[in-house]
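Down below is the structure, laid out as structure tokens.
The values are calculated or read from the model by the stated rules, or taken from the named source; none is laboratory data. The structure displayed is predicted, hence computed values, not measured ones. All Cβ positions, even for glycine, are placed from backbone atoms using ideal geometry, and neighbour counts span all protein chains on display. For accessibility, only protein heavy atoms count, side chains too; no ligands or nucleic acids. Shrake-Rupley method; radii C 1.70, N 1.55, O 1.52, S 1.80 Å.
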Amino acid sequence: MADSPHSARPEAVPSRRRPVVDSWDVFDTLLARYSLSPTYVFALVEQKSGFEPFSRLRAQAQRLLDGYRRPYTIYQIYRCLEEQLGVEPALARQLLHMEIDLEKYLLLPISRQLARVRRSDLLISDMYLTAEQVTDLVRSIGGLHSVRPPIVGNWGKATGSVWPHIMANFLIRTHHGDNPHSDIAQPAKHHIPVELVDDYKPTAWEQTLLDSDLGVLGLIVREVRLRKLPWAADPFHRVVAGPYCSFLLLFALYLKAYARERNIQKYVFASRDADPLAFIYRYLP
């Protein structure tokens with residue numbers, strides 16, 4: 001994007017030499033947060049730092065920068081916190097590093113989509129993280145070590161301004177993303193084939209758990225699905241990653257609580273039927 005402070009616009013490549021690639025949104029397409037709330041990380045930073053106004057001021061700083069309708073980075077968000085909202089510079093630096101670390105800690109790989117990414121494919125992020133930060137995340141969380149450097153800028157996809165620059169250098173086979181506007185409607189305006197990817201959303205089973213008193217279990221089961229479900233998953237895989245995993249985990253938790261109440265030191269699990277239960281029980285704290 002021409003107006004992004006952290007994305008250089010490459011020189012246009014003649015059409016016959018343009019690589020044919022798929023393009024991929026990064027967040028909520030290849031990587032997902034553990035929590036369904038995008039502001040959950042702000043609450044954690046506030047809790048960990050003890051700086052009670054953080055969530056409110058962090059959201060306010062982002063709204064102020066959004067008002068300019070220009071790309072910005074996380075560093076500019078924190079500069080806004082300092083210069084316009086009165087946060088002390090030393091505290092702002094501490095909060096910045098805390099947010100980056102917690103954001104990374106909360107991210108999960110969406111394995112079934114990551115398995116589809118080719119080495120030649122293009123990653124396009126509309127987050128406020130820098131290209132270097134996005135690269136670190138797709139490598140350390142997603143295991144993508146050989147893809148091209150990502151194109152980043154948090155207004156380019158939403159406005160559609162990124163696509164002419166990309167199309168000057170690449171032929172897009174298909175763009176894959178989760179956002180109906182920036183990942184589907186906008187590239188479609190440029191006649192780019194698109195695919196809506198919404199694996200990050202809870203399944204019907206996970207939503208049932210989230211809507212009950214077992215919300216944490218719903219998040220855990222969603223994490224198992226995102227980390228482990230293969231691309232060619234069939235109904236059997238989905239049952240294992242959903243209800244079956246849930247019941248095994250609840251049973252293992254019950255056995256753990258029962259053992260503590262009665263000072264039971266060891267269980268013997270009968271192989272083979274109880275092998276999955278023993279596996280989960282072994283890894284419980």
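Being farther than 13 Å from Leu123 by Cβ and touching a residue at least 40 places away in the same chain (Cβ under 8 Å) is the filter here; which residues of region 160-186 pass it?
Scanning region 160-186 gives Ser161, His165, Ala168, Asn169, Leu171, Arg173, Thr174, Asp178, Asn179, Ser182.
Scan region 242-285 residue by residue and report those that are open to solvent by less than 80 Å² (accessible area, probe 1.4 Å), assigned to a loop (DSSP other than H, G, I, E, B) and under 23 Å from Gly215 (Cα atoms).
Once the filter is applied, which keeps residues that are open to solvent by less than 80 Å² (accessible area, probe 1.4 Å), assigned to a loop (DSSP other than H, G, I, E, B) and under 23 Å from Gly215 (Cα atoms), region 242-285 yields only Leu284.
Just checking, how many residues over region 35-66 are under 21 Å from the mean Cα position of the chain (by Cα), closer than 15 Å to Glu99 by Cβ and assigned to a loop (DSSP other than H, G, I, E, B)?
4
Just to verify a result, which residue in region 217-238, among those that are more than 20 Å from Leu114 (Cα to Cα) and modelled with pLDDT under 95, is surrounded by the most Cβ atoms within 10 Å (Cβ to Cβ)?
The extreme case among them is Phe236.
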